[in-house]
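One structure is given below, encoded as structure tokens.
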Amino acid sequence: ILVKTAGSSDALITRFDPPFLDVFKASDNLENIFAEGMRSRLSGHYCEAVIKNGKKVMIVNALENSKWKDSIDAQAGLNAYLGYPLKWPDGKIFGTLCIHDKKIHHFSKNTQEIMLQFKELIESHLEIINKNIEIKMDNEIIKRKSDKYDNLVNKAPIGIFETTSNGKIISINESMAEILGFSSIDETLKHYNDLKKDLYLNQKRREEFIMELNENDEVKNFEYQAIGKNEVHKWISMNAIKSRTKEDGTYVIEGFVFDVTERKDKEEKIREQKEELAAAFEQLTAYNEEVMAMNEELEQSFEEINSLNQRFVKMIELVSNMTDEGLLTEKDFLGELLNNAIKIIPEADYGSVYIYEKGKVNFINTIGYELSSLKDINIPEEAFFNKNDNIEIINFSEVKRRNKKFMDQKNYNKLKKLSYKMKEILYMDLEISGQKKAGLSLDISEKSSKNFTNNSLSVFKAFHNIALSFYTIKEYTNLQNSFTREL
């Protein structure tokens, strides 16, 4: 187009490759002596001035121009020249746009304007080319970085994943596949269609994971049991974030995981060992408590045996004394019986002993009560009789009922004033040949926390037997004395 418009011998686009100048594009007319790909040194050519000065050079007749008549182009028969610099977007020289003519040529303004338009068009293409080169270079850099990133991700010692909130896998790395027991990423992707059902041993953990992610946009150190290849269970610790929301309302989840199965197994073993140690310690504690309880029981038994021994000693002393008629009278014996009984039976706080004479109760001795005042009270023997048995334990209300039933009001009031409120009363009636001789009672205060025990009741019965023996011996002695007198 330029050759026809300008009427020149050629039209060229050159490319500057220091120190050379290459023919990048050339017109295909017959007069053109240049061919694409030709290379020559820049020095001595018209284009050298264009490139060095960075502006238009126009030569009408080189042979008459002292500056150019000896140039390589003039010697080659190219007498006229019009050239413009072609620049990259950054201002650096790409080359030139030029036309030659073998004859003298006054280049018109129209030709110059067309050349400028071609220059601008070519430079706009150079800008596009430059952009494409930059894009290509950027793409290559991105690809290299992407390849490097992919390589780092795949070779990372932790599992890396990209999934969706509705349970689909987008991508995983090789370590993620290995953690789950698969030999490749593709095999893993084919295995899991729904993460909630296929990956989570406890599906509620998946729901808890999504719930926490919805609330906080991230999850840290979330642990769950994963179902791997061949139903092998692995403990996984996961960190994840919400990445981006998709058009269907679901969102992308990115994160990484660690296989913590070994740690969990160790923790489980430690927990089991702790439980075993706790059970052993509990058993040892139980054994220790049992031994201590046995020791306490032995000590208590020893104390009880010692107490019983002391009781038996006192009872033996009492028995030995009653065999000596000259040593104890009936009243002395009953007094000793009361004193020993209240010492030997530890629950008792008070006590009294009395004989039945002429239908009345005659107090012999008391402990805790005022004896002289009691002697002044007229008490019918029926008020103290045990109706059911010679020995019985009764409460205070029953005692009051009996007293009130058989006593007149005046004497009842006197007795009531002198008596303490009792919790329990242990009664004994001494009956020989159908005749009631005497009685003994031991009382527990209302404020006491004690009650008469079976042991104490047994000891009390022993006292009853001793007392009966005393009266039996006494009757035998009386008979013997009577027989002796008759002889």
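The table below lists the values:
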quantity: Backbone N under 19 Å from the Gln300 label point (7 Å along Cα→Cβ), restricted to the range 430-469; calculated: 449-459
quantity: Gain on full stretching of the segment that runs from Asp186 to Leu63 - 0.36 nm per residue minus C-alpha separation; calculated: 36.6 nm
quantity: Cα-based equivalent ellipsoid, the range 323-486: semi-axes from gyration tensor eigenvalues, Å; calculated: 27, 19, 14
quantity: Computed lengthening from Asp17 to Tyr149, 0.36 nm per intervening residue step minus Cα-Cα distance; calculated: 43.8 nm
quantity: The range 1-123 - Kirkwood radius from inverse mean 1/r over Cα pairs (Å); calculated: 14.2 Å
quantity: Three semi-axes of the equivalent ellipsoid, the range 62-140, Cα gyration tensor, whole Å, largest first; calculated: 33, 15, 8
quantity: Label-point separation, Gln112 to Thr5 (7 Å along Cα→Cβ), nm; calculated: 1.5 nm
quantity: Backbone HN-Hα couplings from phi across the range 155-172 [Karplus 6.51/-1.76/1.60, Hz, Gly and Pro as x]; calculated: 8, 4, x, 10, x, 10, 9, 9, 10, 10, 5, 9, x, 9, 8, 8, 7, 9
quantity: ³J(HN,Hα) computed for each position of the range 179-184 - Karplus, 6.51 cos²θ - 1.76 cosθ + 1.60, integer Hz, glycine/proline x; calculated: 4, 7, x, 9, 8, 8
quantity: The range 329-336 - phi-based ³J(HN,Hα) in whole Hz, Karplus 6.51/-1.76/1.60, Gly and Pro as x; calculated: 8, 4, 5, 4, 4, 5, x, 5
quantity: Footprinting exposure proxy for Arg205, Arg485 (fewest neighbouring C-beta atoms within 10 Å first); calculated: Arg485, Arg205
quantity: Label-point gap, in nm, between Lys447 and Glu231 - each point 7 angstrom along Cα→Cβ; calculated: 7.7 nm
quantity: Distant-in-sequence amide H partners of Gly228 (H built 1.01 Å from N, under 5 Å); calculated: His233, Lys234
quantity: More than 24 Å apart - percent of Cα-Cα pairs taken over the range 159-259; calculated: 13 percent
quantity: Per-residue Cβ neighbour rank within 10 angstrom, fewest leading, Val232, Val260, Val219; calculated: Val232, Val260, Val219
quantity: Built amide H within the under 5 Å cut-off of Glu424, gap 5+; calculated: Ile444
quantity: Mean shadow area of the range 345-412 over all directions, Cα convex hull, nm²; calculated: 5.1 nm²
quantity: Gln435/Arg485 FRET efficiency (R0 35 Å; Cβ-Cβ; nearest 0.05); calculated: 0.90
quantity: Amide proton proximity set for Lys360, modelled H, under 5 Å, gap of 5+; calculated: Glu381
quantity: Cα centroid separation - the range 255-274 against the range 1-52, whole Å; calculated: 78 Å
quantity: Burial order of peptide ranges 156-165, 453-462, 289-298, 422-431 (average beta-carbon count within 10 Å, highest first); calculated: 422-431, 156-165, 453-462, 289-298
quantity: Rounded FRET efficiency, nearest 0.05, which uses the C-beta distance separating Asp265 from Lys196 and R0 of 41 Å; calculated: 0.95
quantity: Listed pairs Lys400/Lys447; Lys360/Lys414; Lys4/Lys131; Lys69/Lys109; Lys155/Lys197 exceeding 22 Å between Cα atoms; calculated: Lys4/Lys131; Lys69/Lys109; Lys155/Lys197
quantity: Per-pair calculated FRET efficiency, R0 = 30 Å: Ile135 and Ser40 via Cβ, rounded to 0.05; calculated: 0.35
quantity: Cα coordinate range in the chain, projected on the principal axes (Å, largest first); calculated: 202, 48, 41
quantity: Of Lys220/Lys269; Lys55/Lys136; Lys92/Lys148; Lys55/Lys102; Lys416/Lys474, pairs whose Cα-Cα distance is over 28 Å; calculated: Lys55/Lys136; Lys92/Lys148; Lys416/Lys474
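Any read-out appearing in this document is the output of simple, stated calculations on the displayed coordinates, not a laboratory observation. Remember, predicted model here, so these are calculated numbers, not experimental data. All Cβ positions, glycine included, derive from the backbone under ideal geometry; neighbour counts span all protein chains shown.
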